[in-house]
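> To start, I am sharing the structure in question, which I have written as structure tokens.
The values are calculated or read from the model by the stated rules, or taken from the named source; none is laboratory data. This is a predicted model, so every value here is computed, not measured. All Cβ positions, glycine included, derive from the backbone under ideal geometry; neighbour counts span all protein chains shown. Only protein heavy atoms, including side chains, enter the accessible area calculation; ligands, DNA and RNA are left aside. Shrake-Rupley method; radii C 1.70, N 1.55, O 1.52, S 1.80 Å.
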Amino acid sequence: QAQLVESGGGLVQAGGSLRLSCAASSLTSSYAMGWFRQAPGKEREFVSSISRSASSTYYADSVKGRFTISRDNAKNTVYLQMNSLKPEDTAVYYCVAGILADTREPTQYYYWGQGTQVTVSS
């Protein structure tokens, strides 16, 4: 069973960058990994995902070209590099693990971290 712990969130001005990290307890290479986010008063939404071998990555249209997902299976860690941040990126970001990477359905990700707050000021 995977346990996920996010870090790297914080307060940044619009146009700035943050790098989120997700440390997994074990067997990260057995799972596709990803990130979701939830803003106040909004539903949880898919941000990005990466296959077990890192050969495939997927992004929401709203972050494509600005965010980059990567993973280091030797370190059991997944990263989300976020550049050109906008106020609408403000949300709690959750690290997730599942079987398939090519899905944006939250129910397909079996393990979730506690989340890390990202706040982008205008």
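> Condition first: in contact with a Ser or Thr (Cβ under 6 Å, 6 or more places away or on another chain), open to solvent by 30 Å² or more (accessible area, probe 1.4 Å) and touching a residue at least 24 places away in the same chain (Cβ under 8 Å). Can you find one or more residues in segment 99-122 that meet it?
yes
> To continue, here is another question. Could you tell me which of the residues 15, 41, 113 is of a type in the set (Gly, Ala, Ser) and touching a Cys at 6+ places or on another chain (Cβ under 6 Å)?
None of the others qualify; the one that does is 113.
> I'd like the full set of residues that are crowded, with 17+ Cβ neighbours inside 10 Å and either at positive phi or part of a loop (DSSP other than H, G, I, E, B) (or both), limited to segment 55-64.
Scanning segment 55-64 gives a single hit, 63.
> Go through 116, 57, 28 for me and flag whichever is of a type outside the set (Gly, Ala, Ser), at pLDDT below 95 and under 26 Å from residue 1 (Cα atoms).
From the options 116, 57, 28, the qualifying one is 28.
> Could you tell me whether any residue of segment 65-75 is without any contact (Cβ under 8 Å) to a residue 12 or more places away in the chain, under 18 Å from residue 106 (Cα atoms) and either of a type outside the set (A, V, I, L, M, F, W, C) or part of a helix (DSSP H, G or I) (or both)?
Scanning segment 65-75, I find no residue that is without any contact (Cβ under 8 Å) to a residue 12 or more places away in the chain, under 18 Å from residue 106 (Cα atoms) and either of a type outside the set (A, V, I, L, M, F, W, C) or part of a helix (DSSP H, G or I) (or both), so the answer is no.
> Here is a further query. For segment 65-91, enumerate the residues that are under 13 Å from residue 18 (Cβ atoms), β-branched (Val, Ile, Thr) and open to solvent by less than 60 Å² (accessible area, probe 1.4 Å).
Matches in segment 65-91: 90 only.
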